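Some notes on the structure that comes next.
The values are calculated or read from the model by the stated rules, or taken from the named source; none is laboratory data. What you are looking at is a predicted structure, and each value in this text was computed from that prediction instead of being measured. Note that we place each Cβ from the backbone using ideal geometry, even for glycine, and neighbour counts take in every protein chain shown. Protein only, heavy atoms only, side chains kept; ligands, DNA and RNA dropped before computing areas. Shrake-Rupley method; radii C 1.70, N 1.55, O 1.52, S 1.80 Å.
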Amino acid sequence: MKAVPRSSSEVLRQAKEFLKEYYVSLKKSGSAEEEARWQEVVTSVEGRGTYRLTRSELQYGAKLAWRNAPRCIGRMQWTRLELFDARDVTTPQEMFEILCKHIEYSTNGGNVRSAITVFPERVPGRRDFRVWNQQLIAYAGYLNNDGSVTGDPAYVEFTQLCEGLGWKGKGSRFDVLPLVMSAPTGEPEWFDIPDDIVLRIPLKHPKYDWFSEMGLEWFALPAVSSMMLDVGGVQYTGAPFNGWYMSTETFGEKMGLDTSTNVSLWKDDVNVEVNKAVLHSFEEAGVTLVDHHTASESFIQFMSNEQRDRGGCPADWVWIVPPISGSITPVFHQEMSLYYLKPAYEYQEPAWEDFARYNRGTAILSPSQLFRKVALTVLFASSLYRKALARRLRVTILYATETGRSQLYAHNLSQALKRYFNPENFIRNLYEQKHAEFNKNIINSSDNATQPNFTKDNMSDFNEAYEQYKMFAIFALGSTKYKYYCLFGKYLFSLLEECGAHSLAPLTCGDELNHQEQTFNAWVDNIVKVLGEEMQVEVAQQSSMINVEELTANRVRLTSSPFTKSSLEKSLSQVHRKSVFSCPVLESTMLFDHGDRWTQLLVLKVGEEAEAEESLYSPGDHVGVFPHNSPTLVSSLLNRLSSPYLGEPVKLEVRLGKDMHWETDPRLPPATLRELLTHYLDLTTPPSPAFLLMLAAHTTHTPHVRRLTNLAKDYKKYQEWRAWKWPNVLEVLEEFSSVRVDAGVLVAALPLLQPRYYSISSCPAFHRGELHLTLSGVQYCTQDGTGPVHRGVTTGYLKEVTPGNQVHLFFKSAPTFHLPEDLSLPIIMVGAGSGVAPLRGFWQHYHYLRRTKGVTTGSLTLYYGCRTEEEDLFNQEKWNMVRQGGLTRHRVALSRTPHLPKMYAQDLLRVYSKEVYKELVEEGGHLYVCGSQALSDGVSSALQNILMEQGRLTTQQSAVLLASLKGEGRYHEDIFSTRLA
């Protein structure tokens, strides 16, 4: 099937038929719900040429497509197909990560499970998301000089294409090919599949011992990745799916057979014996495999069921009849009708053909001609490219992230370096990679407050590379609200210097609370410049983007966008490179509200099917919530801006030089100016010095020019002004009222509005289909109470949401704050204020396990601190949990109650020191702490005292024991800053 988008009328016709069938399956045919859904679809298709299926519709459609597949003999299991909904990915990297999860899930240790991953749909005017491989797992085929092939001959040409893209295999018979994928933007990218998720089966015969000496093997998972899923008029061009093997889908003289004549039927004997070997090998390895006789009998039953339920069953006799012993299977004698139904899995042109056509508009050649043409072109071009790169400095970019911020910065750094250097090794995440291979140059970003467990002594894999270092540079991310500001970056910088590496520049720290993005951009420009000087490479003065202070209407502008706006969910996913979910608000409850301080319980709906939600998050995980700027703030700002495009979608364009063309800034999606200011740009963080210089260039009022310039250039005065007023963008424009700035300039100058992270305060098994957030917010007046009222941008926004509103968020796993695998161990939980959030998920999980599953667990004790009894969050729920077995013990410390001594959560640990020591040290329990840095410090101090008193240890010995608890993963912390969120 060619890559031609459907007309709107055809999409609607197919959508109508599919929705009718879908609602019949739900027994809601003709209902008001069906009519309302149809109107939604019509509106969407008329607006943008397509529509988005709900997850439930997509899952039903994928299953039905399998049911309708005329060439599949194993359709009896069509209702058991598992869906991985990946329609929000934006990059090949994200596609690869989800496919790895698919492979792991489906392989299942050999007990193969059928599954499908669905990537974003085809959209008119946009290149398709495609997986270039015919199967997710396949062996390479290397063409030798004598014409023979090492490996799989079926994949010789694809192996050459992969090599042209830069992949290099080992040259053995069983090299697993990389996954090659392309997204609407950028070039195709390849990724090696981790060896530990590819299950291989050595082949041996139950009778012939010599069979295993041939060294044959095969992989357990058959996953077709080149077909298109066609559901309800929507075409999903990337939809890899898998079932399991039938034995016939997968040698003569050694068997004592007469191979000199066909009359001996030696080929038949060999075929049967090879199949025996495959069946025997898979069975011995415990891997799912069905023989052709069983599969044939199952299909006959399936046909009978379909005749009864649907009046027919499409089947292609040529494909259904097994290639071995076909005439003695029941399907051989079964009359079949070949016809086609929707939804369906459709063959489509190879991905490289679509890619070539989209990029170059080439004429349509035959598949083999075009494949060879593209492959040879890629091989030739890449050989020249590799020669050029060989003469360029190689750079390794490392990042260590827990929030994803440094990953984005690392990507931006890579783009800036590509013009002049060769950033060939882009290592994914040091926190997820205990050992990594360093190359000659290291440029590192880290956004964590603490360091991974790396030392010069235990980094054995790094030691060999130390002597190869020529130079390095480090940009460390952090927040000055944390005690250990940028600790990992500082630690790694000193370690590399100790190893003799040369630093390109002093360590640069980017403060989350003080214009981190601008600091990073300046650092990138400096690094590119210094690298150019070191390597005698001529580089342009600006390596990344226009400096904020140099922004003018001649260099940036807003223009009308011809592109249809995407949903907010999709646009946020693209901007922040996250899988963003739009979650309806089910309930918003104020647990207490003192006006200037409040704590709120927010209940959101996640997903559409109760049984699918447990995979979205685990107790202890986080979400990143995307805030909305205040409507009042946005409206007031719009009143001060001049733009002819206030009510229509716009795009931001930049021009790096006077004689250069205007280019679209990829940082922001097409949206109205109000939407950009509401959802994408940070209006509440005090503007940076560079921003103030830009404003100074947009006024002729001398006192304002002087004041803005002084603030921008005198760091001490700037910090004093910033701390006193903590002004948002509107307040700065009001203070310097003579400034007249174009809307495009302001949009280009403002940093992105970043998500805020919150611990999830629910258990998915206890609250199916729901996600709970416990949020503490504050509001205050700046300038010692005489200035404007400010509140946290996210907590202020969420305080105003009502049931039915949508909250946009993404999930972030917190594996270091998950419950232990051994649930028999005692658990100690310490929390203060809204720090009880993840701990609530723990006691709900224990209640679910004990009462619903009958699981026996160890003790679960909560030590909780708050100001007053009124602020004792979830007090009634906690005592109910004690009575019902979810919690073993619940202890409370009050710090602001009149006539009672002030007590904090850490003080409770000292009161019950014997119990704490017994559970934590003698019984090998786990400790979980969630709250502020002050709580963390207090708990650490209390524990050290307990270890000294109860364990009779010295100060040094107790410190060592405390460190070992953390090193063993039994001391867990979820610490948040006091930043206004």
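Report the Rg/Rh value for the range 798-841, based on alpha-carbon coordinates and the Kirkwood definition of Rh.
Reported Rg/Rh (Cα atoms, Kirkwood Rh): 1.10.
For Leu203, Leu487, give the ranking by accessible area with the largest first, probe 1.4 Å. Don't skip to the answer; put the middle values down first.
Values: Leu203 25, Leu487 55 Å².
Largest accessible area first, the list is Leu487, Leu203.
Over the range 646-804, with every protein chain in place, what whole percent of the accessible area is carbon and sulfur at 1.4 Å, could you tell me?
Carbon and sulfur together cover 54 percent of it.
Averaged per residue, what accessible area in Å² does the range 111-208 show with a 1.4 Å probe, protein chains only?
42
Could you give the accessible area per residue of the range 835-981, probe 1.4 Å, as a whole number in Å²?
46
Express in whole angstrom the spacing between the alpha-carbon centres of the range 749-813 and the range 105-120.
Centre-to-centre (Cα) distance: 35 Å.
Taking the Cα-to-Cβ direction at Glu734 and at Tyr340 and moving 7 Å from each Cα, how far apart do the two end points lie in nm?
With each label placed 7 Å out from Cα toward Cβ, I get 6.4 nm.
What ³J(HN,Hα) values, in whole Hz, does the Karplus curve 6.51 cos²θ - 1.76 cosθ + 1.60 give for the range 209-223 when θ = phi - 60°, with x put for Gly and Pro?
Per-residue couplings from phi come out as 5, 5, 4, 5, 5, 6, x, 8, 8, 8, 9, 7, 10, x, 10 Hz.
Hey, what D do you get for the range 753-802 in µm²/s if you plug the Kirkwood alpha-carbon radius into Stokes-Einstein at 4 °C and 1.567 mPa s? Could you put the intermediate results ahead of the total?
On the way: Rh = 13.2 Å.
Approximately 98 µm²/s, per Stokes-Einstein.
Once you compute Rg and the Kirkwood Rh from C-alpha atoms, what is the Rg to Rh ratio for the range 663-775?
1.14
Starting with the highest mean, order 838-844, 823-829, 850-856, 647-653 by the number of other Cβ atoms within 10 Å, averaged over the residues of each peptide.
Descending packing order for the listed peptides: 838-844, 823-829, 647-653, 850-856.
Which value in Å is the Kirkwood Rh of the range 830-981 over different Cα pairs? Don't skip to the end; give the middle numbers.
Values: mean 1/r = 0.0618 Å⁻¹.
Computed over Cα pairs of the range 830-981, the Kirkwood hydrodynamic radius comes out at 16.2 Å.
Could you tally the net charge around Leu823, taking each other residue with its Cβ under 15 Å from the Cβ of Leu823, Lys/Arg +1 and Asp/Glu -1? Walk me through the numbers on the way to the answer.
Working: positive: Arg850, Arg851, Lys853, Arg970; negative: Glu821, Asp822, Glu919, Glu923.
Here the charged neighbours net out to 0.
Taking the range 702-754 as the region of interest, what is the percent of Cα-Cα pairs per 5 angstrom bin, listed from the shortest bin to the one with the maximum distance?
Result, from short to long distances: 4, 16, 22, 29, 21, 6, 1 percent.
For the range 22-66, take every pair of Cα atoms, bin their distances at 5 Å starting from 0, and report each bin as a whole percent.
Result returned by the calculation: 5, 20, 23, 27, 19, 6, 0.
So which of Lys605/Lys799; Lys812/Lys918; Lys63/Lys101; Lys605/Lys812; Lys27/Lys342 end up more than 24 Å apart by C-alpha?
Working: Lys605/Lys799 17 Å; Lys812/Lys918 33 Å; Lys63/Lys101 20 Å; Lys605/Lys812 17 Å; Lys27/Lys342 20 Å.
Cα-Cα > 24 Å for Lys812/Lys918; rest within.
Net charge near Leu638: determine it from the other residues with C-beta under 12 Å of the C-beta of Leu638, scoring Lys and Arg +1 and Asp and Glu -1.
+1
What does the charge add up to near Thr159, with Lys and Arg as +1, Asp and Glu as -1, over the other residues with Cβ less than 13 Å from its Cβ? Present the calculation step by step, with values, prior to reporting the outcome.
Details: positive: Lys168, Lys170, Arg173; negative: Asp152, Glu157, Glu163, Asp175.
Result for the neighbourhood of Thr159: -1.
Beyond 15 Å, what share of the Cα-Cα pairs of the range 478-530 remains, rounded to the nearest whole percent?
54
Return, for the Cα atoms of the range 18-124, the radius of gyration and Dmax in Å, separated by a comma.
Both quantities, over Cα of the range 18-124: 16.1, 46 Å.
Can you give me the Cα centroid spacing of the range 70-103 and the range 13-60 in angstrom?
Using only Cα atoms to place each centre, the spacing works out to 22 Å.
On the Cα set of the range 1-78, report Rg and Dmax in Å, please.
Both quantities, over Cα of the range 1-78: 14.0, 40 Å.
Using a probe radius of 1.4 Å on heavy atoms only, what accessible surface per residue do you get for the range 17-84? Whole Å² is fine.
47
Hey, any idea what % of the range 1-65's accessible area is carbon plus sulfur with a 1.4 Å probe?
53
For the range 721-835, just run the numbers: alpha carbon Rg, then divide by 2.2 N^0.38 Å, N being how many residues it has.
Expressed relative to 2.2 N^0.38 Å, the Cα Rg reads 1.53.
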